[in-house]
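Rule-based calculations on the coordinates, nothing more; no lab input. The structure displayed is predicted, hence computed values, not measured ones. Neighbour counts run over all protein chains shown; Cβ positions are idealised from the backbone, glycine included.
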Amino acid sequence: MHDFLKLKLSPYWIGAVSEKGKLVKISVCYSQKDLYRSLGAALKEQTGSSSFLKRLKQDLLSYWQGERVDFTNYSLKLDRYSSFQRKVWRLTQEIPYGEVRSYKWIAKRLGSKGYRAVGQVLAHNPFPLIIPCHRVIREDKSLGGFSAGIEIKRKLLRKERINLACLYE
């Protein structure tokens with residue numbers, strides 16, 4: 001069974017699903033309908049909101065208010081993901097609040113030239129904000145993509161006081 005969190009952070013919706021004290025998925029969406037679609041099957045088995053998700057809710061609210069929050073202490077359900085995905089996400093979690101790195105930066109640290117492979121892994125990140133893929137940009141300083149949409153990526157970068165004028169939108 002899964003526990004479920006739904007949070008309206010105007011103008012967006014954030015939802016999270018956990019299982020036995022581990023985060024299964026987070027989604028950031030423009031509408032409640034999109035949120036339910038994104039979280040899909042896990043919602044059919046929901047049981048409520050655990051203390052784990054109540055703590056996450058408080059951290060998400062603090063983050064949304066512009067506070068620096070350390071999300072690295074959340075346990076993630078990673079058993080169905082590849083070693084490469086886990087390594088990319090681990091490196092992405094090391095990017096400090098208020099800073100950006102490139103896909104190339106991550107790939108080089110993995111001993112790879114697979115910048116696009118890194119991009120694909122981040123495009124399918126099931127834990128946005130916890131794994132801050134919004135802090136990853138292209139080498140040419142353009143924003144690149146974001147699974148929840150480029151506007152949400154811009155909003156998150158602004159919340160972290162990243163100067164978007166230095167990046168190419």
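For the cross-link pairs Lys54/Lys113; Lys77/Lys108; Lys33/Lys87, the ones whose C-alpha atoms lie over 30 Å apart are Lys54/Lys113; Lys33/Lys87. In straight-distance terms, cross-link reach from Lys22 covers every one of the aspartates and glutamates whose alpha-carbon lies under 19 Å from its own, apart from those fewer than eight places away in the same chain; here that gives Asp3, Glu45, Asp59, Asp70, Asp79.
Is the C-alpha gyration tensor of the stretch 83-166 telling us rounded, prolate or oblate? Criteria: a/c under 1.5 is rounded; beyond that, a/b larger than b/c is prolate, otherwise oblate. It comes out prolate by the Cα gyration axes.
In the chain, the DSSP-assigned H stretches of four residues or longer account for a calculated mean residue ellipticity at 222 nm of -10000 deg cm²/dmol, using -39500 (n - 2.57) per stretch and the full residue count as denominator.
How large is the charge dipole for the chain, taken about the Cα centre, if only the Cβ atoms of Lys, Arg (+1) and Asp, Glu (-1) carry charge, to the nearest 20 debye?
The dipole magnitude comes to about 240 debye.
Considering only trypsin sites (Lys or Arg not before Pro) in DSSP loops that have at most 13 other Cβ atoms within 10 Å, the longest stretch of the chain without any of them is 21-67. Annotation note: GluC sites (Glu not before Pro) in the stretch 66-166 located in DSSP loop regions with a Cβ neighbour count of at most 14 within 10 Å are Glu67, Glu94, Glu99, Glu139.
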